[in-house]
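See below for the structure under consideration.
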Amino acid sequence: GDSVTQMEGPVTLSEEAFLTINCTYTATGYPSLFWYVQYPGEGLQLLLKATKADDKGSNKGFEATYRKETTSFHLEKGSVQVSDSAVYFCALLYNQGGKLIFGQGTELSVKP
Amino acid sequence: SAVISQKPSRDICQRGTSLTIQCQVDSQVTMMFWYRQQPGQSLTLIATANQGSEATYESGFVIDKFPISRPNLTFSTLTVSNMSPEDSSIYLCSVFTVSSYNEQFFGPGTRLTVL
């Protein structure tokens, strides 16, 4: 069945370091791909999305490119801040039914 | 976008009791969902809340344990019945709105602890 796999956490970085969180997916057809972020004690927020192959989603300095050939949607940021400390979820969506399938989440901790 | 509120935001309950969680949206939505996030885990879809008819449950979730109502386009409730400590989780409501294309919005969640 369809699934999303993220790199294991927690990930600990120093401020201004480069961030990559790997995400790969298994799916039949052509899903849309998303990154959601969950800050401590808060709900889920959409960070960025891509709806077709080669699309790049970007927001708040974060980027991810929909790579169909490698079935990946890796999240990157050139310079992280302490305020980026959160749990990041990769997810895929089929238009039919509206069901989001989430990866297991990656906790990011950024130290000053 | 959509502003989603959930009540209660958190609760501590005794085993064997039931809790009803409310979800209210400030705009017209096309689809509403309920997810569960167990401690340290990812999100799992419980069911799709259908207006005026029975919810559509995912594998592993049943109506007797998680009855859901959706009397109109902007409101839904999820009841966690006959609770046990294993039901301790965050329960989240999410929606697609009329104006959003494949972007799903999430409520702040209800943090439930069962003793």
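The values are calculated or read from the model by the stated rules, or taken from the named source; none is laboratory data. In this text, all values refer to a predicted model and were calculated from it rather than measured experimentally. So basically every Cβ, Gly included, is an ideal-geometry build from the backbone, and we count neighbours across all protein chains shown.
Tabulated data
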{"item": "Search result, residues across the stretch A:31-53 that are free of Cβ contacts under 8 Å to residues at least 40 places away in the same chain, part of a loop (DSSP other than H, G, I, E, B) and either surrounded by fewer than 14 Cβ atoms within 10 Å (Cβ to Cβ) or among the aliphatic types (A, V, I, L, M) (or both)", "result": "A:41, A:42, A:52, A:53"}
{"item": "Subset tally (residues that are surrounded by fewer than 17 Cβ atoms within 10 Å (Cβ to Cβ) and not in a strand (DSSP E or B)) for the stretch B:66-80", "result": "1"}
{"item": "Subset of the stretch A:54-82 [without any contact (Cβ under 8 Å) to a residue 12 or more places away in the chain and small (Gly, Ala, Ser)]", "result": "A:58"}
{"item": "Filter result for the condition that a residue is closer than 28 Å to residue B:39 by Cα, in a strand (DSSP E or B), of a type in the set (Val, Ile, Thr) and away from chain B (no Cβ under 14 Å), over A:20, A:5", "result": "A:20"}
{"item": "Candidate set: the stretch B:50-59, residues that are at pLDDT below 95 and more than 11 Å from every other protein chain (Cβ to nearest Cβ); chosen: the one nearest to residue B:88 (Cα to Cα)", "result": "B:55"}
{"item": "Looking only at the stretch A:47-96, and only at residues there that are farther than 22 Å from residue B:44 by Cα and of a type in the set (Phe, Trp, Tyr), the one that is nearest to the chain's Cα centre (by Cα)", "result": "A:62"}
{"item": "Residue match in the stretch A:72-92 (condition: within 18 Å of residue A:30 (Cβ to Cβ), away from chain B (no Cβ under 14 Å) and touching a Ser or Thr at 6+ places or on another chain (Cβ under 8 Å))", "result": "yes"}
{"item": "Residue in the stretch A:14-27 that is under 10 Å from the mean Cα position of the chain (by Cα) and exposed (fewer than 15 other Cβ atoms within 10 Å of the Cβ) present", "result": "yes"}
{"item": "Residue count, the stretch A:54-74 (criterion: buried (at least 19 other Cβ atoms within 10 Å of the Cβ), in contact with an Asp or Glu (Cβ under 8 Å, 6 or more places away or on another chain) and within 14 Å of residue A:88 (Cβ to Cβ))", "result": "3"}
{"item": "Residue within the stretch B:86-94 that is touching a residue at least 24 places away in the same chain (Cβ under 8 Å), away from chain A (no Cβ under 13 Å) and hydroxyl-bearing (Ser, Thr, Tyr) present", "result": "yes"}
{"item": "Meets criteria (farther than 27 Å from residue A:37 by Cβ and either assigned to a loop (DSSP other than H, G, I, E, B) or at the interface with chain A (Cβ under 10 Å from one of its Cβ atoms) (or both)) for residue B:41", "result": "no"}
{"item": "Complete set of residues in the stretch B:9-38 that are hydroxyl-bearing (Ser, Thr, Tyr) and either away from chain A (no Cβ under 12 Å) or surrounded by fewer than 18 Cβ atoms within 10 Å (Cβ to Cβ) (or both)", "result": "B:9, B:17, B:18, B:20, B:27, B:30"}
